[in-house]
Each structure stands twice: as C-alpha cells, then as structure tokens.
Amino acid sequence: MDKLILYTQRVEVVSGYNERRDCADQQIAAFLIACGLIPVPVNNLLECAEELIACLHPAGILFTGGNDLAKYGGNAPERDQMERILLEYALQEDIPLLGFCRGMQFIADYFGSELAPVKNHVGCRHAVTGKLPHKRTNSFHNWGLTRVPEEFCLLMESEDEGIEAIRHMRRSIMGIMWHPEREKPFEQDDIRLFSNFFGVI
C-alpha cells in the first residue's frame, strides 16, 4: 500500500442523459503503473471520497487535467471542492501532491496565484527550460499562471515565458503544465520525475 496514489477525474456533463460523469483517460493509470505506482481514481462525490481517503491512507495524490476552475468559467464546481479537500488532506498528513495541467492551475490558485488566458498553448509542442531535464513538452491549456505563488520556486518556463513547472519550497507539492500520459511512448524523464517525487526510487 505504500505506493498507492489517488488521482482525480474530470467531470463530463452529458446533457442527453442528464448525467454528470466522472472519467479519466486510461493512459493516466497506465502511466502511473509505468512509474511503479498503484493508481486509484477518486470520484467527485465529496462524502464518498472522504471515506476513500480515510480507508486507503494513500502515499500520494495526483491532480489531473480537464475542466477549467469554476471561478474561471468551468462547469465542475464539485471537482474544485474535491481537490480542495485532497490538497488540505495532503498538507495535514504531509504526503506528496503533484498536479499536471489543470492540476497545477488548481494548486497555484489555492496558494494565491491568479490565472490568465494564454494563446498558442493548445495541441502543440514547445521548448521548455529550467531545472528539470525536459527539452520539449506537449501543451493543452488555455490558462496560465500570472506569477509563481509565494513559497514556490519556478522549475520550468516556456519560450514565451509561460510558467511550466513549480515546486513548493518546504512541502512535497509540485505542478507541471504538460500531460505525461499523452506521450507515446511515455517519456523516461516523466517516469523518473514521478517515481522520484512519490518515493519509488
């Protein structure tokens, strides 16, 4: 159980069935398995997820992509509430928390950084530079950070000076803006990053 990682899911609104569905790309679980981790999805019903956390005592938490934050026009406020509970649980229990794309946006917003629209960051690849070994990453986001939150350091930035990766200076909290699960095959740099962060190697 020491490698069990909870990961969040997007909310898909299916109007024809009057349903709000929790879902995640199967590649997210596949990527976590490649990192030596045991992936467990979390639904967006708060009472169920709180029970899941209490029962499983995860070794780490992953915030995934999809859904804009509700304060920026997104339609999944229940996901925002869920991720707030998980983030505060990670702080309380001092367990690692990593977010990618929307996940990094949520972390930054929680710690006081506003978001702003960005152009030319959807469905493309671009060069990134900084403290991680990546040289080019995928990009699928319409929102970016306006600044690095207090208590965080900048790890990576894009060619147009977009903030691409951050890490808390004292806590095991990190965010990246690219999607590691969308690489075919998975990037070894991403696998090492996640494995190291969650304590597998």
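When you count the other C-beta atoms within 10 angstrom of each residue and take the mean per peptide, 175-181, 114-120, 143-149 line up highest first as 175-181, 143-149, 114-120.
Note on residue 196/residue 116: beta-carbon distance plugged into 1/(1 + (r/R0)^6) with R0 of 25 Å gives a FRET efficiency of 0.20.
Amide hydrogen proximity for residue 139: with H placed 1.01 Å from N in the peptide plane, the residues at 5 or more positions away or on another chain lying under 5 Å are 123, 124. The stretch between residue 18 and residue 184 holds 56.3 nm of extra length on full extension. This uses 0.36 nm per residue minus the Cα-Cα distance. Which shape class, rounded, prolate or oblate, goes with segment 4-119 when its Cα gyration tensor gives a ≥ b ≥ c as root eigenvalues, a/c under 1.5 marks rounded, and past that a/b bigger than b/c marks prolate? Rounded, since a/c falls under 1.5. Sequentially through segment 154-166, phi angles give Karplus couplings (6.51, -1.76, 1.60; θ = phi - 60°) of 7, 9, 9, 9, 8, 4, 8, 6, x, 7, 10, 7, 9 Hz, Gly and Pro residues having no value and appearing as x. Between amide H atoms placed 1.01 Å from N, distances below 5 Å from residue 99 occur with 63, 174, 175, 176, all of them 5 or more places distant or on a separate chain.
Amide hydrogen proximity for residue 9: with H placed 1.01 Å from N in the peptide plane, the residues at 5 or more positions away or on another chain lying under 5 Å are 42. Only Cα pairs under 8 Å and 6+ residues apart enter the sum, and on that basis the relative contact order of segment 61-172 stands at 22 percent.
Over segment 111-198, how many percent of alpha carbon pairs lie in each 5 Å bin up to the one with the longest distance? Result returned by the calculation: 3, 13, 26, 25, 20, 10, 2, 0. With K and R counted +1 and D and E -1, the other residues having a Cβ less than 9 Å from that of residue 63 yield a net charge of 0.
Give me the net charge for the shell around residue 131: Cβ to Cβ below 12 angstrom, other residues only, Lys and Arg +1, Asp and Glu -1. Its environment carries a net charge of -1. Which distance in nm do the two modelled labels at residue 30 and residue 91 give, with both placed 7 Å along the Cα-to-Cβ direction? Label-label distance for residue 30 and residue 91, simple model: 3.6 nm.
Available extension along the chain between residue 153 and residue 56 is 31.8 nm, counting 0.36 nm per residue and deducting the alpha carbon span.
May I ask you to list the aspartates and glutamates whose Cα is less than 16 Å away from that of residue 71, ignoring any residue fewer than eight positions away on the same chain? Excluding near neighbours in sequence, the set is 80, 83, 109, 114.
Values in this text are rule-based calculations from the coordinates and carry no lab data. It should be emphasised that the depicted structure is a prediction, and the values quoted were computed from it without experimental measurement. Heads up, the Cβs are rebuilt from the backbone with ideal geometry, glycines too, and the neighbour counts pull from every protein chain shown.
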